[in-house]
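Read through the structure below, which is laid out as structure tokens, and then see the notes.
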Amino acid sequence: MFSKIASTLGAAVVVGGAMLGISATAHAESAPGCGPVTQIGSTAYITSGGTNIGSVKQFKGCGKNWAYTYVWEGFRSSHNSWYVCTSVAKEKPGNDDLVDLNCTSNKADNWSSGANTLSDCTHAVGNIQWGSNEPMARTSTRC
């Protein structure tokens, strides 16, 4: 299941299905073990059936890049079980590397472990997995 995020890196998978209405946006806190961080690049949105179910952001702070994925309340309130994965992706010609993938189950938010990639071109990747569904999103690239 976790390998699919790497194999579909660069393309957001849109999965059909009805979701309850979701209106709140993500609110990130300080990165674990770091403190305040600054968002870099755009926010990306994980969608299913045309509805936003999560958001993905990339941050910098404490000499590292951080990925953050937030699972929106409307999704959480309508699902009993899910995995949320997030990672900073280091861009390389022809292939991107996930450098700090972190997955957890049934949590609203998930931080990557922090990547020593401030001198590289990176983006954040996140996905939400339940059943056979694994929609994902990626932020804009920052160099």
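The values are calculated or read from the model by the stated rules, or taken from the named source; none is laboratory data. Just so it is clear, the structure is predicted and the values come from calculations on it, not from any experiment. Note: areas computed on protein heavy atoms with side chains; ligands, DNA, RNA excluded. Shrake-Rupley method; radii C 1.70, N 1.55, O 1.52, S 1.80 Å.
Counting only protein heavy atoms and a 1.4 Å probe, region 45-143 has 40 square angstrom of accessible area per residue. Evaluate Rg over Rh across region 67-143, taking Cα atoms for both radii and Kirkwood's formula for Rh. Rounded to two decimals, Rg/Rh equals 1.01.
The lysines within cross-link reach of residue 107, meaning a Cα-to-Cα straight distance under 29 Å and a gap of 8 or more places when in the same chain, are 4, 57, 60, 64, 90. Diagonalising the gyration tensor over the Cα atoms of region 63-107 and scaling each eigenvalue by 5 before taking the square root yields semi-axes of 27, 11, 9 Å, largest first. Excluding same-chain neighbours fewer than eight residues apart, the aspartates and glutamates reachable from residue 92 by a Cα-Cα span under 15 Å are 120.
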